[in-house]
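The values are calculated or read from the model by the stated rules, or taken from the named source; none is laboratory data. Predicted model, so just to flag it, every value in this text is computed and none were measured. Because the Cβ atoms are built from the backbone with ideal geometry, glycine has one as well, and the counts that use them run over all protein chains shown.
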Amino acid sequence: MTTQHLAVLSLGTNMGDREHNINQCIERIHATIATVVKISSIYETPAMGFTGAEFYNCALSVHTAHSAQTLLTRLQLLEQELGRTRSGNGYESRIIDIDLVAFDEQIIRSEQLEVPHPRMQDRKFVLLPMLDLELDWRHPILQNNLHALLDATSDRSQCKKVASARNNLSQYGLDKYNYIAIEGNIGAGKTTLTTKIAEDFKAKTVLERFADNPFLPKFYEDQPRYAFPLEMSFLADRYQQISDDLSQFDLFSEFIIADYHIFKSLIFAKVTLGEDEYRLYRKLFDIIYREMPKPGLYVYLYQNTERLLQNIRKRGRDYEQEIPAEYLEKINRGYLEYIKSQTDLNILVIDVSDRDFVENQQDYIYILEQIAAKTAGRGNTFS
């Protein structure tokens, strides 16, 4: 199940430094609006519908959690910021033009927006760059893929490649790792971030199966009674899941990213178990831990307790609503003590208390940049 939309954008410019205009637009989209996953080659094409200088055109595939209308509104604002003016006189030269060509395989017809773009099949400067994106996409009205649309188009204009296609996400270096673990307290956003990164970077996810644990709701009602069976069942399940998934690495995935590391079992157990139960648990854990693969990068998302409680209320799981602030603070202290004691893990701590990496693209890019800096040896453990 995907949590983001795939949108295809077509960029064009025939004024000033055309390659600069294209690259500047891409950078601004990626930094502030949507994650630019892939960029097509840039093509030089003749002006269509009016007499003017030749255009530079390219296509982008982007991921966004926003609606098509919200995305369009933000792109139009960006056009204005970059100097686009509209005279209302039809086709004309422009410093930058951003068209929303496709949004998943949705059909949208409104006064403000039409997707798929109603004239995309008649524009070679749209179809040819889209082919570079290597999309598994079919026109939802015409029921043709991009190759068929290009073969059938009436546009016979010449399109000359002037710059090669590129993967915009390679700059962050996540593909240098085989296995990344995203950790955090309850409600920190670790599953959301794990899923988002996996979709953007074509990684395989390992997501904790807490919803299937029959002891979890009972634990929140009666902790002393159900703490030990809960922690033992989590330990067994985490061991089996990580062992199975890492042994069956998908050759078509760039890397594996998990929303937990098995050491969280010990952190939670230390908080929830009595002294005798914890000693027994620790013996079993140490046996298992020696056999577990270690992540190439361990990212801990720090959230303050007030923000954690807000997130917990927002996601609305009934059995979590009575979690006290003191319990969350104990878990956080346990994580930080663990992090400080580790010498053999590549650890990055990111404070996301004042960040929303779902709604705010800049916050998501901040996290990716922190990972990139750590990978390049420029970052500290605590960011």
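The table below gives the values:
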| read-out | value |
| --- | --- |
| Of all residues in segment 80-114 being within 14 Å of residue 14 (Cα to Cα) and among the acidic types (Asp, Glu), the one that is surrounded by the fewest Cβ atoms within 10 Å (Cβ to Cβ) | 92 |
| Leading residue by the ranking (nearest to residue 91 (Cα to Cα)) among those in segment 1-31 that are in a strand (DSSP E or B) and not polar (S, T, N, Q) | 12 |
| Close pairs (6 angstrom Cβ cut-off, 6 or more residues apart or separate chains): assigned by TED's automatic domain parsing to the domain that holds residue 131 in segment 152-163, part of a strand (DSSP E or B) and of a type in the set (Ser, Thr, Tyr) anywhere | 159/43; 159/45; 161/43 |
| Residue count for segment 302-319, restricted to those that are within 26 Å of the chain's Cα centre (by Cα), in a helix (DSSP H, G or I) and of a type outside the set (A, V, I, L, M) | 8 |
| Residues of segment 331-353 classified as surrounded by fewer than 16 Cβ atoms within 10 Å (Cβ to Cβ) and touching a helix residue (DSSP H, G or I) at 6+ places or on another chain (Cβ under 8 Å), total | 1 |
| Conditions (1) at pLDDT 95 or above; (2) more than 20 Å from residue 200 (Cα to Cα): number failed by residue 103 | (2) |
| Every residue from segment 325-356 that is part of a loop (DSSP other than H, G, I, E, B) and more than 15 Å from residue 183 (Cα to Cα) | 343, 344, 354, 355, 356 |
| The lone exception for residue 276 - which of (1) touching a residue at least 12 places away in the same chain (Cβ under 8 Å); (2) among the acidic types (Asp, Glu); (3) under 26 Å from residue 336 (Cα atoms) it fails | (1) |
| Count - residues of segment 279-295 that are in contact (Cβ under 8 Å) with a residue 60 or more places away in the chain and over 36 Å from the mean Cα position of the chain (by Cα) | 0 |
| All positions within segment 155-178 that are more than 20 Å from residue 54 (Cβ to Cβ) and among the hydroxyl-bearing types (Ser, Thr, Tyr) | 170, 172, 177 |
| Residue within segment 197-215 that is more than 16 Å from the chain's Cα centre (by Cα) and either basic (Lys, Arg) or surrounded by 20 or more Cβ atoms within 10 Å (Cβ to Cβ) (or both) present | yes |
| Residue identified as under 28 Å from residue 366 (Cα atoms), in contact with a His (Cβ under 8 Å, 6 or more places away or on another chain) and among the β-branched types (Val, Ile, Thr) among 3, 64 | 64 |
| Among residues of segment 96-132, those that are under 23 Å from the mean Cα position of the chain (by Cα) and within 23 Å of residue 16 (Cβ to Cβ), counted | 2 |
| Residue tally, condition surrounded by fewer than 20 Cβ atoms within 10 Å (Cβ to Cβ) and in contact with a helix residue (DSSP H, G or I) (Cβ under 8 Å, 6 or more places away or on another chain), over segment 272-284 | 5 |
| Check on residue 27, in the same structural domain as residue 129 (by TED's automatic domain parsing) and out of contact with any Lys or Arg (no Cβ under 9 Å at 6 or more places or on another chain) | yes |
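Residue-by-condition table, conditions (1) touching a Cys at 6+ places or on another chain (Cβ under 7 Å); (2) under 29 Å from residue 158 (Cβ atoms):
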position	(1), (2)
39	yes, yes
43	yes, yes
47	no, yes
73	no, no
83	no, yes
90	no, yes
103	no, no
